[in-house]
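The structure's right below; bear with me while I get my questions together.
The values are calculated or read from the model by the stated rules, or taken from the named source; none is laboratory data. Bear in mind that the values here come from a model prediction, so they are computed numbers and not experimental data. For neighbour counting, all protein chains shown are included, and Cβ atoms are generated from backbone atoms with ideal geometry for every residue, glycine included. Note: areas computed on protein heavy atoms with side chains; ligands, DNA, RNA excluded. Shrake-Rupley method; radii C 1.70, N 1.55, O 1.52, S 1.80 Å.
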Amino acid sequence: MAELTDRPFPPGDYPLIVVGSGPGGLQASSALRGLGVEHAVLSADDQPGGMFRRWPFFQRLLSWTKPYAPVARATRAYERYDWNSLIPESDEHRAVMVGLMDGTSYFPSRPEMQAGLEAFTSRTNLKVRFGCRWTGTRRLDDGRFVLETTDGEYTAGTLVIAVGVAEPWRPTSPGMELAAHYADTQPVETYADKRIFIVGKQNSGFELASGMLPWAKRIIIASPSPARLSVNTHSLVGIRARYLQPYEDHVLGGGVAVLDAGIERIERGSSGDAPFRVVTRRSSDSVEMAFDVDAVIAATGFVAPLLDLPDLGVATFGQSRLPAQTPFWESATLPGVFFAGTIGQGSSGLKKHGIPSNSGAVQGARYNARVLARHIATTRFGVMLERPTLAPESVVEFLLEELTQGPELWHQRAYLARVLSVDAGEGIRDEGILPLARFVDDAGGPDAIAATLETDGTGAVYPVIYLRRGGAVTEHALEAHPLLDYRTASARSALASILASILGGSTVSISNS
């Protein structure tokens, strides 16, 4: 019993419970604490870090932290160049990751990322009940939730589920159970002089192939659809260039084969020389091809480990079984259950030009968690947030500065927006960062301005201003800039013209032009 009482958050009743101690859970807890919302944090792990305590296996992360950037390190603007640090409520704990990296790369290693999350937890004095596994959920007659855990029962009116998308998933192809999943990959030396077949052509498949290049005798990577490369999509959609060495070796004939083929079946090998046979069917001509290999690895993704929440009414969708969510990351079918971290991808946003949000990565999910905390604090706990007023003549410069430096807009393009409300009695107020989908959907809402950044897949990044006036929402794009700096004379003039209809032409300043 001493162990239970010495740890924080013993079983009992709490206003809110956060489940998970990965980046999403830690960021949500930090923001909730900053807003004065009492809550408990429970985690099955022994230390903070979530999936970064285990993955990726062989490579550094795909997200960078630049030690030297065009802006000062201990500032909000630096977050645009630091994709991996969580966001503290005080400047003294900013940019934690920079001081933990060894300087050999601006892509942190997995152990460095783990150390960064541990350091953030320690330095900001976040409290987590580690070693407490969530095992089940019930609903009480009064609407509160009961979390069953290995330490006992917890009750709360509000839940924030931040358990990631971390449960291995395999397709139903015959014999797929013979393949090891990505999550079960062995130490790299295990694959020395082996023939490896990798199912899946997303980043995880190419990450494994990249790590195995110096070791494996032959590597085959296959899935029905062609590999999509981030350098071609001009976005984070597709395989990142850091993992393209296997693809290049395939093109140059270097012992790697990247195939567009479906998996017909996986069989035990008929001889000791080949433990497995993988039978495929080529996408282009339906020709069957068989490969005798030493190991098969399914890099086929993960699903959200929601336990029995679907039985309580949480609707899910897609292969990853993501919960359907509102723009504020609340279950669309079970009010009071919210989601933080990579699981927040279930709130897809507008997906302008087909480009998804960055909610599946730390640099996007950390901002979602902060917006979520503000939403929960105001709507469920009555917290009154500051809404600073702006003089009409300062609006143009304020928005151009946000569009150039605001990290939330850069990392969550066409997903999060800086919103200003416009009211004849209250004046112009900064409502903070809000989901763009919520702004657009609320066409009948009060007059307001939303500023965001968008990209159309050509490589151009440009500001877009949404105006809500008289119950109608209109959209106005500004020109892109080659150096991504929108504080120009032409941008000031264009933005002033756009805002004149909602602010009045005489009150919009285009000074310093």
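Any idea which residue in region 230-255 is least open to solvent (accessible area, probe 1.4 Å), counting only those that are free of Cβ contacts under 8 Å to residues at least 40 places away in the same chain and of a type in the set (D, E, K, R)?
249
If you don't mind, there's one more thing I want to ask. How about region 91-114: which of its residues are farther than 17 Å from residue 363 by Cα and either touching a Cys at 6+ places or on another chain (Cβ under 6 Å) or of a type in the set (Gly, Ala, Ser) (or both)?
Matches in region 91-114: 99, 103, 105.
Among the numbered conditions (1) farther than 21 Å from residue 289 by Cα; (2) without any contact (Cβ under 8 Å) to a residue 40 or more places away in the chain; (3) of a type in the set (A, V, I, L, M), tell me where residue 227 comes up short.
(1)
Quick check: anything in region 118-137 aromatic (Phe, Trp, Tyr) and within 24 Å of residue 184 (Cα to Cα)?
Within region 118-137, one or more residues are aromatic (Phe, Trp, Tyr) and within 24 Å of residue 184 (Cα to Cα).
In region 304-314, which residue that is under 18 Å from residue 332 (Cβ atoms) and under 20 Å from the mean Cα position of the chain (by Cα) is surrounded by the fewest Cβ atoms within 10 Å (Cβ to Cβ)?
Residue satisfying both the conditions and the ranking: 306.
Let me ask something else about it. If a residue has to be of a type in the set (A, V, I, L, M, F, W, C), surrounded by fewer than 21 Cβ atoms within 10 Å (Cβ to Cβ) and in contact with a Ser or Thr (Cβ under 8 Å, 6 or more places away or on another chain) to count, how many in region 56-65 make the cut?
Adding up the residues that qualify gives 2.
So for region 224-236 (the condition being part of a helix (DSSP H, G or I), under 19 Å from the mean Cα position of the chain (by Cα) and not basic (Lys, Arg)), does at least one residue qualify?
The answer is yes; a qualifying residue exists.
For residue 181, all conditions in the list (1) closer than 29 Å to residue 365 by Cβ; (2) buried (at least 16 other Cβ atoms within 10 Å of the Cβ); (3) touching a helix residue (DSSP H, G or I) at 6+ places or on another chain (Cβ under 9 Å) hold save one; what is the number of the exception?
Evaluating residue 181 over (1) closer than 29 Å to residue 365 by Cβ; (2) buried (at least 16 other Cβ atoms within 10 Å of the Cβ); (3) touching a helix residue (DSSP H, G or I) at 6+ places or on another chain (Cβ under 9 Å) leaves (3) as the failure.
Mind listing whichever residues of region 202-214 are part of a loop (DSSP other than H, G, I, E, B) and within 20 Å of the chain's Cα centre (by Cα)?
202
Turning to a different aspect of this structure: Which residue pairs have Cβ atoms closer than 7 Å, lie 6 or more positions apart in sequence or on different chains, and pair a first residue in region 172-188 that is on the phi > 0 side of the Ramachandran plot with a second residue that is open to solvent by less than 40 Å² (accessible area, probe 1.4 Å)?
Hits for this filter: 175/266.
Identify all residues within region 146-167 that are touching a helix residue (DSSP H, G or I) at 6+ places or on another chain (Cβ under 9 Å), closer than 21 Å to residue 7 by Cβ and not aliphatic (A, V, I, L, M); write none if there are none.
151, 152
So, one more: Being over 16 Å from the mean Cα position of the chain (by Cα) and either assigned to a strand (DSSP E or B) or of a type outside the set (A, V, I, L, M) (or both) is true for just one of 335, 327, 356. Which residue is that?
335
Does region 54-87 hold any residues that are in a loop (DSSP other than H, G, I, E, B), at pLDDT 95 or above and not aromatic (Phe, Trp, Tyr), and which are they?
Answer for region 54-87, where residues must be in a loop (DSSP other than H, G, I, E, B), at pLDDT 95 or above and not aromatic (Phe, Trp, Tyr): 84, 85, 86, 87.
I would also like to ask the following. If you scan region 300-325, which residues turn out to be at pLDDT 95 or above and among the small types (Gly, Ala, Ser)?
Listed by number, the residues that qualify are 313, 315, 324.
Pairs only if they're at least six apart or on different chains, beta carbon under 6 angstrom, first in region 79-92 and open to solvent by 40 Å² or more (accessible area, probe 1.4 Å), second of a type outside the set (Asp, Glu); list them, first residue then second.
89/34; 91/74
Which of the residues spanning region 18-43 are over 21 Å from the mean Cα position of the chain (by Cα) and either crowded, with 24+ Cβ neighbours inside 10 Å or outside any helix (DSSP H, G or I) (or both)?
35, 36, 37, 38, 39, 40
Let me ask something else about it. So which helices (runs of 4 or more DSSP H) stay within region 363-466 end to end and still have 2 or more residues that are over 25 Å from residue 37 (Cβ atoms), open to solvent by less than 50 Å² (accessible area, probe 1.4 Å) and touching a helix residue (DSSP H, G or I) at 6+ places or on another chain (Cβ under 6 Å)?
Answer list for region 363-466: 395-405.
Which condition does residue 170 not pass, out of (1) open to solvent by less than 30 Å² (accessible area, probe 1.4 Å); (2) part of a loop (DSSP other than H, G, I, E, B); (3) touching a helix residue (DSSP H, G or I) at 6+ places or on another chain (Cβ under 6 Å), if it passes all the others?
(1)
Continuing with this model, one more query. In region 487-503, which residues are among the hydrophobic types (A, V, I, L, M, F, W, C) and closer than 19 Å to residue 474 by Cα?
Hits for region 487-503 are 491, 494, 495, 496, 498, 499, 500, 502, 503.
Could you please give the count of residues in region 259-292 that are within 23 Å of residue 186 (Cβ to Cβ) and within 35 Å of the chain's Cα centre (by Cα)?
3
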